[in-house]
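Quick notes on the structure that follows.
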Amino acid sequence: MIIWMVGFTILLALFLLYAIIPTVFIRRYGLGITKNVRKKGGVALTFDDGPNPEYTSSLLDLLNKYDVKASFFVVGSKVNKNPEIIKRMHEDGHVIGIHHFDHVSSWILSPFQLKKQLDMTEKAITECTKEKVFFYRPPWGHFNIFTPFIGKNYGVIMWSAIFGDWKVDNCRKDLLDRLRATSSEGEILLLHDCGETLGADKEAPLHMIESLEIYLRESKEKGTKFVTLRDI
Ligand SMILES: [Zn+2]
């Protein structure tokens, strides 16, 4: 029993040191990460977890309609399944960054696995765009102690506003009101164009896009400026 408890305590301490403490520290003190675009102004729309064959194209249509450029953090395995969407995203002038090859937390990745997740995703994107990748957002905003070293070639982008839009109920309840309540000066908004992630609703992006359309129409009427991460 005592051996079991000692073993458990050691494992817990290692996990805290490897995963939890670096994540809290990096996010709390903003070490090497970007959480807003206040220096530049405007609003940076960012979308995670795609591309999705059902929803990402509709989202690209919507962004085109309002002449808004955005930034997408894509999952490498889905890029390989939907290269045409990534090519269009690039041709439409959006920024494409890394969101791991599988949607897996850095908390459970070894340094070698983390490096592989980044390299494989960059390769998948580059095959479509023929351009280097500059930005990275770790799934769930999770870091491990090696992330600052392994991800040093990328600008790590977090967010200033998150809405729980991966759940249909949240989209229906107040997504539009919460989008309207964000500032037009310096926010990085985090939305999701794929609902296949653990804990998400598959059809949530449909509802997100409905609210986003109204928000974009109103914002354009007010003269809100939309920026991409390339602009910052
Ligand atoms: Zn994600």
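Among the trypsin sites (Lys or Arg not before Pro) within the stretch 137-182, those in coil by DSSP and having at most 14 neighbouring Cβ atoms inside 10 Å are Lys152. For the stretch 40-148, the dipole from Cβ point charges (+1 on Lys and Arg, -1 on Asp and Glu) about the Cα centre works out to 260 debye, to the nearest 20. For the chain, the membrane-span-like helix rule (DSSP H, alpha carbon extent of at least 15 Å along the helix axis, mean Kyte-Doolittle at least -0.5) picks out 2-15; this says nothing about an actual membrane.
Of the trypsin sites (Lys or Arg not before Pro) in the stretch 1-82, the ones in a loop by DSSP (not H, G, I, E or B) with at most 11 other beta carbons within 10 Å are Lys39.
Taken over the stretch 83-133, the ratio of Cα radius of gyration to 2.2 N^0.38 Å equals 1.22. With the convex hull of the Cα atoms taken as the outline of the stretch 80-170, the averaged projected area works out to 6.9 nm². Using only the Cα atoms of the stretch 27-149, build the gyration tensor, take square roots of its eigenvalues as a ≥ b ≥ c, and label the shape rounded, prolate or oblate: rounded if a/c is under 1.5, else prolate if a/b is larger than b/c, else oblate. Here the stretch 27-149 falls in the oblate category.
Ordering Glu127, Glu213 from the fewest to the most neighbouring beta carbons within 10 Å gives Glu127, Glu213.
With the charge dipole of the chain set up from +1 on Lys and Arg Cβ and -1 on Asp and Glu Cβ about the Cα centre, the Cα lying farthest toward the positive end among the listed residues Ser77, Trp107, Gly151 is that of Gly151.
For the chain, the 222 nm mean residue ellipticity estimated from helices alone, with every DSSP H stretch of n ≥ 4 adding -39500 (n - 2.57) and the total spread over all residues, rounds to -12000 deg cm²/dmol.
Remark: C-alpha extents of the stretch 39-94 on the principal axes read 35, 23, 17 Å, sorted largest to smallest. Placing +1 on each Lys and Arg Cβ and -1 on each Asp and Glu Cβ, with no other charges, gives the stretch 2-231 a dipole about its Cα centre of roughly 840 debye.
Report, as a whole number in µm² per second, the diffusion coefficient that Stokes-Einstein gives for the stretch 128-232 at 37 °C and 0.692 mPa s using the Kirkwood radius over alpha carbon pairs. The Stokes-Einstein estimate is 211 µm²/s. Remark on Ala161: its backbone amide H falls under 5 Å from those of Ile188, Leu190, a criterion applied only to residues 5 or more positions apart or on other chains, H modelled at 1.01 Å from N. What number does the chain give for Rg over Rh if you use C-alpha atoms and the Kirkwood radius? Here the Rg-to-Rh quotient is 1.00.
None of the figures in this text is laboratory data; all of them are computed from the coordinates on show. Source: prediction; values computed, not measured. Here Cβ is always computed from backbone atoms with ideal geometry, including for glycine, and neighbour counts include all displayed protein chains.
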